[in-house]
Number of protein chains: 2
Amino acid sequence: MIKSLDRAMEVLQYVSAHQGLTLSDLAAGLGQAPATVYRTLVTLEGRGLVEFDRDLQTWSMGAQAFVIGAQFLRRTSIVERAKPILRRLMEATGETANLGMVRERSVLFVSQAETHAPIRAFFPPGTLSPLHASGIGKALLAHMPQERFDAFLSVPLPGFTASTLTTRAALLTDCDLTRERGYAVDEEEKTEGMFCVAAPVFDASGDAAAGISVSGPVARFGRDRIANIAVHVVGAAQSLSAAIGAPSSYRA
Amino acid sequence: MIKSLDRAMEVLQYVSAHQGLTLSDLAAGLGQAPATVYRTLVTLEGRGLVEFDRDLQTWSMGAQAFVIGAQFLRRTSIVERAKPILRRLMEATGETANLGMVRERSVLFVSQAETHAPIRAFFPPGTLSPLHASGIGKALLAHMPQERFDAFLSVPLPGFTASTLTTRAALLTDCDLTRERGYAVDEEEKTEGMFCVAAPVFDASGDAAAGISVSGPVARFGRDRIANIAVHVVGAAQSLSAAIGAPSSYRA
DNA sequence: AATTCGAGTTTCACATTGTGAAAAATATAA
DNA sequence: TTATATTTTTCACAATGTGAAACTCGAATT
């Protein structure tokens, strides 16, 4: 491991999480010498990864960070293939449709078809959400190999609202229910007022590596409406699984 | 400038441009020792910026690159405010609508509303295109301060198709025409078969910093249709300029 | 099954450089 | 004009990044 590179990447990640800070603020927040942070920023600026606002004396993410970050989505065809499916799902349900991928202990939201309704759910691409506190995350936990599931549970789970499932027993019950009906729900477990229906997407190896969800304000999700939306979500997830080559036995 | 950090960022940018290569291929392509490239990649992997496929022995961009890259779009509200405008423009014209921002000598495509037509233009977010060989780029050149425009022309302009404008005289004429009618066109200047109508978006300082365009196969762009599309594109660009606070005198 | 080969990973000696305190430069406020 | 705070550069030195070589591992060949 290259120590100075790792320190520099800490700087880059800090800037991305705290845009618009001055050199002094960044150095203080990072616990690094201003001179060191300065040289790091100037080097990254030379590559276009950060940008400096001369008037405000603030540092922010640069265009090249977007350029290289966008390449992550080009590794596979899943985002491209998901787009029409998400759009149809949004039109069929009238709510925002999302695509998320599992990464470590989180779901990474990578694509979205936004409803035109004035009040809407919004998970901008690039957002990470914990597996146990998101619809897609719980759909994936329900289809996770036992060993990985146990490893996930070996770390204490943070709560976000009064509804967050944080115990092994609660998650096991929820996973059983998810497998039984083919979809997971997030009922204000990460965000107050937010409801979400999600289903797993299987890849060519038969692993649940991504998920599709529909989300919106909890007040719009009555019992009958949930049943109807779930049918569309499960169908969309199955379509995407098929599109990316999942074995047919995983699509049921 | 930190030499080792700069070398490491060269590795990162190289991986993003050449995904799915092995360590040996990357080291050869970069002209760096495999041991050095290896330690760089492992350090970046630790931060989630690259990912290693153990089966294929290949390196690709990681989720954290997407996470931090996506933050570039959150610096300002332009992408959010553009979304409904791009969608309406796509619906009004039936072709793909794009938002691009100027960066150095290029346009960076940051957002897009794709037409549902089977044959379509596609500029995935994160794509860079030279200013002189794109509709948005030429719209921005037409409103660029003279000094920056001269600096731009001081570097030889590469051609991409037989139609690319590569001389000062050709670009000056094109800029005059663009200012006169309020929009630029890209008629197979970057990509064979591609047509594009673009208009500049002004920011709060009155600078032309972004642009909106509609693009599609040249065969679908007859003279009458171009006139109609141009009206929509100019209107959309003016709406976005207003939405992000451009002075009213710049919106005419 | 044993051997060979190529790529990935680790070790090691050493030249290079990253670091942070201090100084200098710059811009803003009083 | 002076003071202050921040940014930027300099400098001495400790830390480390580098690449060749060695080692490890897995796949292919015999």
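Condition first: touching a Gly at 6+ places or on another chain (Cβ under 7 Å), within 15 Å of DNA strand D (Cβ to nearest atom) and more than 30 Å from A:A236 (Cα to Cα). Can you find one or more residues in the stretch A:46-57 that meet it? So far as the stretch A:46-57 goes, yes, one or more of its residues are touching a Gly at 6+ places or on another chain (Cβ under 7 Å), within 15 Å of DNA strand D (Cβ to nearest atom) and more than 30 Å from A:A236 (Cα to Cα). Evaluation of A:H116 against the conditions (1) buried (at least 24 other Cβ atoms within 10 Å of the Cβ); (2) at pLDDT below 95 shows that the sole unmet condition is (1). Residue count for the stretch B:92-136 under the criterion of being away from chain A (no Cβ under 11 Å) and of a type in the set (D, E, K, R): the result is 3. Among the residues making up the stretch A:57-78, a single one is surrounded by 24 or more Cβ atoms within 10 Å (Cβ to Cβ), facing chain B (nearest Cβ under 7 Å) and not in a helix (DSSP H, G or I): A:M61.
May I ask you to verify whether A:L89 is away from DNA strand C (no atom under 13 Å from the Cβ), at pLDDT 95 or above and not aromatic (F, W, Y)? It is true that A:L89 is away from DNA strand C (no atom under 13 Å from the Cβ), at pLDDT 95 or above and not aromatic (F, W, Y).
Per-residue answers, yes or no, for (1) under 19 Å from B:V218 (Cβ atoms); (2) without any contact (Cβ under 8 Å) to a residue 60 or more places away in the chain:
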{"position": "B:R54", "(1), (2)": "no, yes"}
{"position": "B:T58", "(1), (2)": "no, yes"}
{"position": "B:M61", "(1), (2)": "no, yes"}
{"position": "B:Q71", "(1), (2)": "no, yes"}
{"position": "B:A82", "(1), (2)": "no, no"}
{"position": "B:M101", "(1), (2)": "no, no"}
{"position": "B:H116", "(1), (2)": "no, yes"}
{"position": "B:G135", "(1), (2)": "yes, no"}
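If we scan the stretch A:69-86, do we find a residue that is within 20 Å of B:M9 (Cα to Cα), of a type outside the set (K, R) and in contact with a Gly (Cβ under 6 Å, 6 or more places away or on another chain)? Scanning the stretch A:69-86, I find at least one residue that is within 20 Å of B:M9 (Cα to Cα), of a type outside the set (K, R) and in contact with a Gly (Cβ under 6 Å, 6 or more places away or on another chain), so the answer is yes.
Kindly indicate whether A:A210 is over 16 Å from A:E95 (Cα atoms) and within 17 Å of the chain's Cα centre (by Cα). So A:A210 fits the description; yes. For the stretch B:3-13, the candidate set comprises residues that are under 26 Å from the mean Cα position of the chain (by Cα) and within 14 Å of DNA strand D (Cβ to nearest atom); within that set, the residue that is surrounded by the most Cβ atoms within 10 Å (Cβ to Cβ) is B:A8. Within the stretch A:24-43, restricting attention to residues that are touching a helix residue (DSSP H, G or I) at 6+ places or on another chain (Cβ under 6 Å) and of a type in the set (A, V, I, L, M, F, W, C), the residue that is surrounded by the most Cβ atoms within 10 Å (Cβ to Cβ) is A:V37.
I'd like to check something: does the stretch B:14-31 contain any residue that is facing chain A (nearest Cβ under 9 Å), within 16 Å of DNA strand D (Cβ to nearest atom), modelled with pLDDT of 95 or more and in a helix (DSSP H, G or I)? Yes, there is a match, as at least one residue in the stretch B:14-31 is facing chain A (nearest Cβ under 9 Å), within 16 Å of DNA strand D (Cβ to nearest atom), modelled with pLDDT of 95 or more and in a helix (DSSP H, G or I).
The values are calculated or read from the model by the stated rules, or taken from the named source; none is laboratory data. Quick caveat, the model's predicted, so the values are computed rather than measured. Note that each Cβ is placed from the backbone with ideal geometry, even for glycine, and that neighbours are counted across all protein chains shown.
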